[in-house]
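All remarks here apply to the structure that follows.
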Amino acid sequence: MAALVWLLIPLVAAIGAGLWGGWASRNRKTIGDGSELAGYARFREAMEKPRTEV
């Protein structure tokens, strides 16, 4: 009987690893990079403007 209990440990570990692997590889909703790219475009335009002397 004790040997069967010891065999349950790898079985539970395998089930846990399978659940974790499924959770880790799930499809996540991605947020677009639109706002970051727009901010970078504004920054680049500002850096390309000729400097006005005051």
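When restricted to residues that are in a helix (DSSP H, G or I) and open to solvent by 100 Å² or more (accessible area, probe 1.4 Å), the range 18-54 contains 12. Being in a helix (DSSP H, G or I) and within 15 Å of the chain's Cα centre (by Cα) is a description that does not apply to TRP6. Residue pairs whose Cβ atoms lie under 8 Å apart, sitting 6 or more positions apart in sequence or on different chains, and linking a residue in the range 31-54 that is of a type in the set (D, E, K, R) to a partner that is part of a loop (DSSP other than H, G, I, E, B), do not occur here.
The values are calculated or read from the model by the stated rules, or taken from the named source; none is laboratory data. These figures come from a predicted structure and were not determined experimentally. Every residue, glycine as well, gets a Cβ built from its backbone with ideal geometry; the counts of neighbours run over all protein chains shown. Keep in mind that these areas ignore ligands, DNA and RNA; they rest on the heavy atoms of the full protein, side chains included. Shrake-Rupley method; radii C 1.70, N 1.55, O 1.52, S 1.80 Å.
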